[in-house]
Amino acid sequence: MLTIFTTAKPFREHSGIIQRNALKSWTMLHPRVEVILFGDEEGAAEAARELALRHESFVQRNSFGTKQLNFLFERAQAIARNDLLCYANCDIVLFPEFCSALERTFRLHPRFLMVGRRWDTDITQLVDLAAAGAPEQLHLFARTQGVQRESHSIDYFAFPRGLYRDIPPLVVGRIWWDHWLVWKARQERADVVDASELITAIHQNHNYDYHPAGATGVWTDEQARQNFELAGGRWHLYTIDDATHVLTAAGERRNPKRIWAPYWRWLRPKCIPVWFAFLDLTRPLRRVLGLRAAKPESSQARVH
């Protein structure tokens, strides 16, 4: 059926809670789902034994000690029991709908990458997903209390064995590797399928205290810059907007947005200053015409 592989942070405090929630959810997707946990972080071996996962303690790392994506993908494709694989970040909760969407995608596309937008949700406790009604309650909680993120937030990558070869030594825990995976699939002439409508992938909100500079460091430090260079720059970085197809409850359709998505990403930062300059220039006229935007009565903070 499916092999899901991942790597984790140390299993302590909040990270330990959300990682166990994610891993447990994967074991409940289907009786023939295999889960491989890579890495020798604190608590990884114990979590693997507790949840009956396959544990691969060795992971190739760069000179900073950060885990390399190419090793994870090459090793997983070599040892997986199944021909369909999925790399998922270890804080993502999935539901059986994931397997249904994957089966539909596989029937339509023998060579594919399935991705989707995530739902950012505040989860602070271990969830007993084996309890009656617990998965349904969690699913509803994410849909009503969480926030579906934009197309650049990609946390799972489902594909057939053999799709990914010659991966540069990108590292996880920094940015750009996920966008490169989408670009690479397109370069390999695989169909990229956006399953966001059918899959509620819960991203359990967390901090970035594993980096001394927090989230800013994850996005801007030397390893992030190296990922950008290893990926080949901005034109080798795609998002879900670049998907060739969109999977829906009614069927599947082509994604026209893919045609202009790369150019809009390049043009958008250049348009924003022009747009604000236009707003400043036309403010007196809009005030006279009564076209000023109404102030919202209240605002609610987005979940990050």
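Just so you know, all these numbers are worked out from the coordinates, no wet-lab data involved. Remember, it's a predicted structure, so these values are computed and weren't measured experimentally. In this analysis, Cβ positions are derived from the backbone assuming ideal geometry, glycine residues included, and neighbour counts consider all displayed protein chains.
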Can you give the longest run of the chain that contains no trypsin sites (Lys or Arg not before Pro) sitting in a DSSP loop with at most 10 other Cβ atoms inside 10 Å? 1-188
Listing ASP241, ASP155 from the residue with the fewest other Cβ atoms within 10 Å to the one with the most, what is the order? ASP241, ASP155
Spatially close lysines, pair count over the chain: Cα under 20 Å, gap of eight or more or interchain: 5
Would the stretch 2-255 count as rounded, prolate or oblate if I go by the C-alpha gyration tensor, calling it rounded below 1.5 in a/c and otherwise prolate when a/b exceeds b/c, oblate otherwise? rounded
Taking the stretch 70-175, which GluC sites (Glu not before Pro) meet the DSSP loop condition and have no more than 13 other C-beta atoms within 10 Å? GLU150
Please list, by residue number, every one of the chymotrypsin sites (Phe, Trp or Tyr not before Pro) in the stretch 191-267 that is coil in DSSP and has at most 15 other beta-carbon atoms within 10 Å. TYR208, TYR210
Give, in nm to one decimal, the length gained when the segment between TYR263 and ARG54 is fully stretched (0.36 nm per residue of separation minus the Cα-Cα distance). 71.0 nm
Rounded to the nearest Å, the spacing of the alpha-carbon centers of the stretch 175-238 and the stretch 57-97 is 14 Å
To the nearest 20 debye, what is the magnitude of the charge dipole of the chain about its Cα centre, counting +1 on the Cβ of each Lys and Arg and -1 on the Cβ of each Asp and Glu? 1240 debye
Given 0.36 nm per residue, what is the gain on full extension from GLU46 to GLU197 after removing their alpha carbon distance, in nm? 50.9 nm
Structure-based [θ]222 nm, the chain - -39500 (n - 2.57) summed over DSSP H runs of at least 4, per residue, nearest 500: -12500 deg cm²/dmol
List the chymotrypsin sites (Phe, Trp or Tyr not before Pro) within the stretch 40-75 that fall in a DSSP loop (any state other than H, G, I, E or B) and whose Cβ has at most 11 other Cβ atoms within 10 Å. PHE58
The stretch 129-220 shape via C-alpha gyration tensor axes, a/c threshold 1.5: oblate
In the chain, helical segments from DSSP H whose Cα atoms cover 24 Å or more along their own axis and that average at least -1.0 on the Kyte-Doolittle scale are 257-289
Which ³J(HN,Hα) values, rounded to whole Hz and listed in residue order, are derived for the stretch 191-201 from phi using the Karplus coefficients 6.51, -1.76 and 1.60 in 6.51 cos²θ - 1.76 cosθ + 1.60 with θ = phi - 60°, glycine and proline given as x? 6, 9, 10, 8, 9, 4, 5, 9, 10, 9, 9
